[in-house]
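Colleague: Here it is, the structure in full.
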Amino acid sequence: MTNRDHALPGEAPAGPAAAGTAKPLEQGGFLLFLGLVSVVLVVVVLPFLQPLLWAALAAVMFQPLFRKAQILRRGHDSQAALLALLVIFVLVILPAFWIGSEVVEEASRIVAAFQQGRIDVTAWFDEVFGALPAGVRRSLAASGWGDPAALQARAQAFLQDSAGIIARQAVAIGSSIFGFVLSFAIALYVTFFLLRDGRIVGEHILRCLPFERSVADRLADRFLGIVRATIKGSVVVGIVQGALGAITFWIVGMPSVLLLGVIMAVASLLPAIGPAIVWAPVAIYLLATGAVWQGVVVVASGVLLVGMIDNVLRPILVGRDTGLPDWLILVTTLGGIALMGLSGIVVGPLVAGLFIAGWSILDEQRTAAGQAEPLPR
């Protein structure tokens with residue numbers, strides 16, 4: 001019999017009983033370590049959270065492109081991923097940069113024209129106000145919107161604030177050009193590896209999640225479906241509507257067509273009435289200033305083309321992938337944009353979709369266990 005066979009006073013006895021009491025403590029310590037190191041990792045990569053997020057979204061969206069590249073370069077996954085990344089860069093990223101630079105230039109010219117007095121808001125107001133029916137003019141005058149001088153003052157104050165914001169943003173962009181280039185390079189680098197190894201990485205993540213595998217698989221399917229549906233339903237439909245709007249404005253001779261088209265694409269995030277926020281005021285201005293056929297063309301394009309695109313394309317591109325009501329998509333999209341900027345377009349509906357999926361799974365589990373009545377369908 002060894003010395004360890006005799007437990008000291010107050011000491012736990014050695015053997016199976018001691019091992020049984022030590023195992024939960026060791027497991028708890030290991031889980032605490034995992035939690036702490038995971039939090040530290042999030043803090044470390046937080047400055048590059050946006051490029052990492054867009055890299056993951058790009059890898060999800062362009063996985064079919066990578067599969068086609070694999071057929072061309074069979075047995076060479078790295079070359080296939082590089083080929084897919086080259087196509088993304090040429091067909092998506094470069095056009096986006098060009099459009100963005102043109103839009104910024106057009107916006108700068110408009111702000112400068114307002115500041116220099118080359119755009120007479122009062123004359124525009126007089127033309128539009130004079131073309132309105134008498135009853136509408138009286139209502140506007142009673143509400144304080146019939147005074148051109150007051151509107152001019154409001155417009156000037158708004159433009160001064162806008163100019164200040166644009167100036168501050170320009171300084172911020174100029175001072176952080178290195179950070180932008182670094183983030184862009186990281187996004188491309190991570191996209192390459194996620195295109196090539198995304199399925200393996202996803203499988204490891206699902207195996208490590210502290211869920212039942214069936215639950216993890218359902219949440220993963222929900223995640224992929226919402227990402228694809230949101231990008232196709234919001235981004236693609238918005239691009240098409242903005243492009244149609246820009247072409248229409250170019251046909252009728254409106255200035256700054258790219259800027260108006262981009263604003264219309266962003267406004268398309270609002271269901272039904274979104275694009276009308278842009279084309280309706282343009283049509284009213286054209287009709288009020290005597291450009292009748294131009295105004296009719298804008299109205300016809302807005303109603304028959306831009307307005308119908310959402311009803312035609314969205315069901316084709318999205319289908320039932322999200323399963324979210326329109327009002328929830330709208331609220332979570334706007335909330336996501338307010339919280340995270342452009343990334344919120346996808347993150348907002350994604351969080352809502354996972355929230356609903358998680359609670360639906362819990363309801364199904366409780367119903368299967370006989371603890372709750374099934375919800376009406």
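Colleague: Of all helices (runs of 4 or more DSSP H) completely enclosed by region 1-81, which ones contain at least 1 residues that are among the basic types (Lys, Arg) and at pLDDT 50 or above?
Modeller: 16-45, 63-72
Colleague: Does at least one position in region 272-291 carry a residue that is touching a Ser or Thr at 6+ places or on another chain (Cβ under 6 Å), open to solvent by less than 60 Å² (accessible area, probe 1.4 Å) and part of a helix (DSSP H, G or I)?
Modeller: No, there is no match, as no residue in region 272-291 is touching a Ser or Thr at 6+ places or on another chain (Cβ under 6 Å), open to solvent by less than 60 Å² (accessible area, probe 1.4 Å) and part of a helix (DSSP H, G or I).
Colleague: Follow-up question, since we're still on this one. Residues Ala107, Ala55, Ala84, Ala80: which one is touching a residue at least 24 places away in the same chain (Cβ under 8 Å), buried (at least 16 other Cβ atoms within 10 Å of the Cβ) and more than 28 Å from Ile345 (Cα to Cα)? Lay out the reasoning, then the answer.
Modeller: Details: Ala107 fails: more than 28 Å from Ile345 (Cα to Cα); Ala55 fails: more than 28 Å from Ile345 (Cα to Cα); Ala84 fails: more than 28 Å from Ile345 (Cα to Cα).
Of the residues listed, the single one that is touching a residue at least 24 places away in the same chain (Cβ under 8 Å), buried (at least 16 other Cβ atoms within 10 Å of the Cβ) and more than 28 Å from Ile345 (Cα to Cα) is Ala80.
Colleague: Additional query: Can you list residue pairs whose Cβ atoms sit under 6 Å apart, with the first residue in region 200-221 being under 26 Å from Arg366 (Cβ atoms) and the second being in a loop (DSSP other than H, G, I, E, B) and at pLDDT below 85? Count only pairs 6 or more apart in sequence or on different chains.
Modeller: Every condition considered, the pairs that remain are Ala216/Leu209.
Colleague: Return the residue satisfying two criteria in turn: it lies in region 181-214 and is among the basic types (Lys, Arg) and over 23 Å from Leu82 (Cβ atoms), and of such residues it is modelled with the highest pLDDT.
Modeller: My answer is Arg207.
Colleague: Would a scan of region 318-325 turn up a residue that is surrounded by fewer than 18 Cβ atoms within 10 Å (Cβ to Cβ) and either among the charged types (D, E, K, R) or modelled with pLDDT of 85 or more (or both)?
Modeller: There is at least one residue in region 318-325 that is surrounded by fewer than 18 Cβ atoms within 10 Å (Cβ to Cβ) and either among the charged types (D, E, K, R) or modelled with pLDDT of 85 or more (or both).
The values are calculated or read from the model by the stated rules, or taken from the named source; none is laboratory data. Here the structure is a predicted model, which means the values were calculated and not measured. Reconstructed Cβ throughout: ideal geometry from the backbone, glycine too, with neighbour counts over all protein chains shown. Remember, those area values only see protein heavy atoms, side chains included, never the ligands or the DNA or RNA. Shrake-Rupley method; radii C 1.70, N 1.55, O 1.52, S 1.80 Å.
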